[in-house]
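Asker: Sharing a structure below in structure tokens format, with a few things to ask.
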Amino acid sequence: MANVLKRGSLTGDEIFSTGMRDQWHAICPSHFVERGGMQRITRWGEDWLLFRQSDGSLRMLADRCPHRGAPLSHGQHLGDRIACKYHGVQVDGDGTVVSVPGMPGCNLEGKTLVTSLPVREVAGAVLAWFGSDPNAPAGPLDLPDPLTDEGVSAFLCYAEWKSPWRFTLENLLDPMHGAFLHRDSHSMFGGDTSARFRIRETDRGFYFEKTDQRGVNFDWVEFCRTGVDWVDLEIPYPPTAGPGGPFGIVGMGTPIDAETTAVFFWRYRRVAGWERDVWRFLYRVTLEERHWVVLEQDRVMLEGMAPDADQAENLYQHDLGVIRLRRLYRAQADQQASAQAQRVGAGTR
């Protein structure tokens with residue numbers, strides 16, 4: 001699908017604030033858009049329209065009519081296209097103008113003039129490819145293992161936090177906060193409040209893990225880059241939490257804008273047969289509420305931090321994972337800004 005919105009050349013700081021380009025991102029839970037329904041959302045500081053066609057397939061367009069720039073989300077759903085309410089211009093799921101009722105046969109018809117992002121639906125969520133080059137196809141996507149493994153049962157928790165996206169990911173790359181912020185939780189009350197850490201490279205990212213404690217608290221996290229950025233972590237569970245062993249979390253965070261983040265947490269356990277039924281029952285009646293308490297502790301802490309909190313820090317060994325993540329994204333943002341500037345420059349010559 002074409003990506004024809006001309007974003008111009010962004011600086012590295014702008015990309016660092018609003019999110020990386022040229023990769024897949026989690027957008028929203030699938031249930032946000034019912035069959036025949038529309039949903040306006042903001043991601044990466046831009047407005048988008050999600051609409052589900054009559055056959056159930058999902059489309060994602062820039063929320064901007066190619067005629068006068070009116071919001072398509074105010075328009076009418078026509079099954080496989082959207083009719084702008086302003087002048088009736090009809091745009092299909094690929095961003096192509098299929099009809100101009102006010103002037104049939106005008107030269108807008110047949111042209112792809114609206115950005116359309118490739119989307120996939122996975123484990124109850126919508127993922128979209130956000131590219132910076134309008135001529136480049138979507139990149140490959142290897143999904144997180146726990147979301148595709150038939151032996152794993154997961155629940156998706158979604159929230160929107162008034163916090164920069166990088167803070168939400170850095171929070172996950174900081175296992176030590178579990179022993180303090182979440183110490184009164186149902187699962188992270190154990191373990192030492194001091195530790196040593198190391199970074200261990202993998203073929204898809206890196207582990208940030210304690211070297212002197214394992215299987216007690218939030219003792220490790222793996223950061224993965226598989227076309228979409230995600231983290232995986234594991235928290236030991238007591239026998240009273242039912243079958244399935246440790247409790248895992250796959251986490252993602254997508255910028256809504258420079259100050260707000262859409263956060264996704266899939267809570268999972270490896271269970272099958274009757275154990276799966278027990279796990280899902282216990283989650284709904286007992287564990288889900290406890291998990292939201294833990295998430296609320298994170299939200300309150302991150303929303304209480306100033307947007308420039310990372311500009312006046314004094315870091316130590318426990319922050320190696322955060323430092324590694326920042327350097328990675330800072331370098332990527334600068335690289336993408338340089339590439340965009342070169343494309344824009346080439347287009348003006």
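Asker: Out of ASP142, ASP133, report the one residue that is acidic (Asp, Glu), part of a loop (DSSP other than H, G, I, E, B) and either farther than 28 Å from THR260 by Cα or touching a helix residue (DSSP H, G or I) at 6+ places or on another chain (Cβ under 7 Å) (or both). Walk me through it before giving the result.
Answerer: Numbers: ASP142 fails: either farther than 28 Å from THR260 by Cα or touching a helix residue (DSSP H, G or I) at 6+ places or on another chain (Cβ under 7 Å) (or both).
Just one listed residue meets the conditions, ASP133.
Asker: Something else now. So which pairs qualify, if the first residue must be in the range 195-223 and farther than 19 Å from TYR237 by Cα, the second must be aliphatic (A, V, I, L, M) and in a loop (DSSP other than H, G, I, E, B), the Cβ gap must be under 9 Å, and the two must be at least 6 apart or on different chains?
Answerer: Sorted first by the residue in the range 195-223, then by its partner, the pairs are PHE208/LEU173; THR211/ALA195; ASP212/ALA195; PHE223/LEU173.
Asker: Moving on to the next point. Here is a list of conditions, (1) in contact (Cβ under 8 Å) with a residue 40 or more places away in the chain; (2) open to solvent by 10 Å² or more (accessible area, probe 1.4 Å); (3) of a type in the set (Phe, Trp, Tyr), and TYR86 meets all of them except one; can you say which number that is?
Answerer: Here TYR86 meets the rest and fails (1).
Residue-by-condition table, conditions (1) under 24 Å from ALA123 (Cβ atoms); (2) surrounded by fewer than 20 Cβ atoms within 10 Å (Cβ to Cβ); (3) modelled with pLDDT under 95:
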position	(1), (2), (3)
ALA26	yes, no, no
PRO29	yes, yes, no
PHE32	yes, yes, no
GLY36	yes, yes, yes
TRP44	yes, no, no
LEU50	yes, no, no
ASP55	yes, yes, yes
LEU61	yes, no, no
ARG64	no, no, no
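Asker: Would you confirm, using the coordinates I've provided, whether GLY245 is open to solvent by 10 Å² or more (accessible area, probe 1.4 Å), over 19 Å from the mean Cα position of the chain (by Cα), farther than 30 Å from ARG196 by Cβ and modelled with pLDDT under 90? First the steps, then the outcome.
Answerer: On the way: open to solvent by 10 Å² or more (accessible area, probe 1.4 Å): yes; over 19 Å from the mean Cα position of the chain (by Cα): yes; farther than 30 Å from ARG196 by Cβ: no; modelled with pLDDT under 90: yes.
So GLY245 fails the test.
Asker: Taking ILE235 and the conditions (1) open to solvent by less than 70 Å² (accessible area, probe 1.4 Å); (2) modelled with pLDDT of 95 or more; (3) among the aliphatic types (A, V, I, L, M), which numbered condition does it fall short on, given that it satisfies the others?
Answerer: ILE235 satisfies every listed condition except (2).
Asker: Right, something else. Mind checking which pairs have a first residue in the range 95-115 that is on the phi > 0 side of the Ramachandran plot and open to solvent by less than 50 Å² (accessible area, probe 1.4 Å) and a second that is assigned to a loop (DSSP other than H, G, I, E, B) and among the hydroxyl-bearing types (Ser, Thr, Tyr), Cβ under 9 Å, 6 or more apart or different chains?
Answerer: From residues that are on the phi > 0 side of the Ramachandran plot and open to solvent by less than 50 Å² (accessible area, probe 1.4 Å), the pairs are GLY95/THR115.
Asker: Follow-up. Of everything in the range 179-221, what is modelled with pLDDT of 90 or more and open to solvent by 10 Å² or more (accessible area, probe 1.4 Å)? Give them in sequence order.
Answerer: Once the filter is applied, which keeps residues that are modelled with pLDDT of 90 or more and open to solvent by 10 Å² or more (accessible area, probe 1.4 Å), the range 179-221 yields ARG198, ILE199, ARG200, GLU201, THR202, ASP203, ARG204, GLY205, TYR207.
Asker: Among the residues of the range 253-267, is there at least one that is open to solvent by 50 Å² or more (accessible area, probe 1.4 Å) and under 30 Å from ASP13 (Cα atoms)?
Answerer: Within the range 253-267, the subset open to solvent by 50 Å² or more (accessible area, probe 1.4 Å) is 259.
Within this subset, residues satisfying the condition of being under 30 Å from ASP13 (Cα atoms) are 259.
Yes, the range 253-267 contains at least one residue that is open to solvent by 50 Å² or more (accessible area, probe 1.4 Å) and under 30 Å from ASP13 (Cα atoms).
Asker: Could you please give the count of residues in the range 284-312 that are outside any helix (DSSP H, G or I) and either in contact with a helix residue (DSSP H, G or I) (Cβ under 8 Å, 6 or more places away or on another chain) or of a type in the set (S, T, N, Q) (or both)? If you could, list the steps in order and put the result at the bottom.
Answerer: Looking only at the range 284-312, we keep the residues that are outside any helix (DSSP H, G or I), and these are 304-308, 312.
Okay, now just the ones that are also either in contact with a helix residue (DSSP H, G or I) (Cβ under 8 Å, 6 or more places away or on another chain) or of a type in the set (S, T, N, Q) (or both), so 305.
Residues that pass the stated criteria total 1.
Asker: Another question about this same structure. Which one of THR148, THR168 is among the polar types (S, T, N, Q) and surrounded by fewer than 20 Cβ atoms within 10 Å (Cβ to Cβ)?
Answerer: Values: THR168 fails: surrounded by fewer than 20 Cβ atoms within 10 Å (Cβ to Cβ).
Only one candidate qualifies: THR148.
Asker: Which members of the range 16-63 meet the condition of being without any contact (Cβ under 8 Å) to a residue 40 or more places away in the chain, of a type in the set (Lys, Arg) and part of a strand (DSSP E or B)?
Answerer: The answer is ARG40, ARG52.
Asker: Out of the range 313-329, which residues are surrounded by fewer than 12 Cβ atoms within 10 Å (Cβ to Cβ) and not in a loop (DSSP other than H, G, I, E, B)? Walk me through it before giving the result.
Answerer: Residues of the range 313-329 surrounded by fewer than 12 Cβ atoms within 10 Å (Cβ to Cβ): 313-317, 327.
Within the range 313-329, GLN317, ARG327 meet the criteria.
The values are calculated or read from the model by the stated rules, or taken from the named source; none is laboratory data. Because the structure is a prediction, the values reported are computed rather than measured. Don't worry about glycine lacking a Cβ; one is built from the backbone with ideal geometry, like all the others, and counts go over all protein chains shown. Keep in mind that these areas ignore ligands, DNA and RNA; they rest on the heavy atoms of the full protein, side chains included. Shrake-Rupley method; radii C 1.70, N 1.55, O 1.52, S 1.80 Å.
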